[in-house]
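Taken together, the values in this text are just the output of simple stated rules run on the coordinates, not laboratory data. Just so you know, these numbers come straight off a predicted model, no measurement behind them. So basically every Cβ, Gly included, is an ideal-geometry build from the backbone, and we count neighbours across all protein chains shown.
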């Protein structure tokens, strides 16, 4: 017997419209352009961080409330946010007393959950996997961009120490001339 309060699918996947407010086009273009110094790298890293935070916000606003609503709140495993030491947030499966965490809990849930919820639990897991991957990639690019900016600042300091003048902003390897 099915519960009439449970719609055929209680979980809705994110759609393209959910991502429209995120500035992903500028983010992707930002990766493949010449960076002229640590300032432009730092600015782009800041944009990556904002995009990552917006994506985490989307997950917390759209995915988590659905995954915790009826009928999922009746299950003994829940989707929960986990903030890492690096400051980003991922979605993880946890048991109710928070003593265990991980995809193995979802696997066990798939084996024991009512058949009516299997498709929704599968959709939630797919959405969790993709969102976590997106957050991880953006976070990694942000971290690498900041590391690159620090290396450029170090190179600039070495140049200034050696020459006693500010480092040029653009080098022209074909002519050997430099301009600031």
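Data table
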{"read-out": "Sorted by Cβ density within 10 Å, fewest first, the residues 156, 119, 15", "value": "15, 119, 156"}
{"read-out": "Packing-based ranking, highest mean first, of 36-46, 103-113 given that Cβ atoms within 10 Å are counted", "value": "36-46, 103-113"}
{"read-out": "Full-extension gain in nm, residue 107 to residue 18, via 0.36 nm per residue minus C-alpha separation", "value": "29.3 nm"}
{"read-out": "Computed label-point distance, nm, for sites residue 165 and residue 64 using a 7 Å Cα→Cβ extension", "value": "5.4 nm"}
{"read-out": "Cα→Cβ-extended label distance, 7 Å offset, between residue 76 and residue 9, nm", "value": "2.9 nm"}
{"read-out": "Computed over the range 46-154, the ratio Rg/Rh where both radii use C-alpha atoms and Rh is Kirkwood", "value": "1.08"}
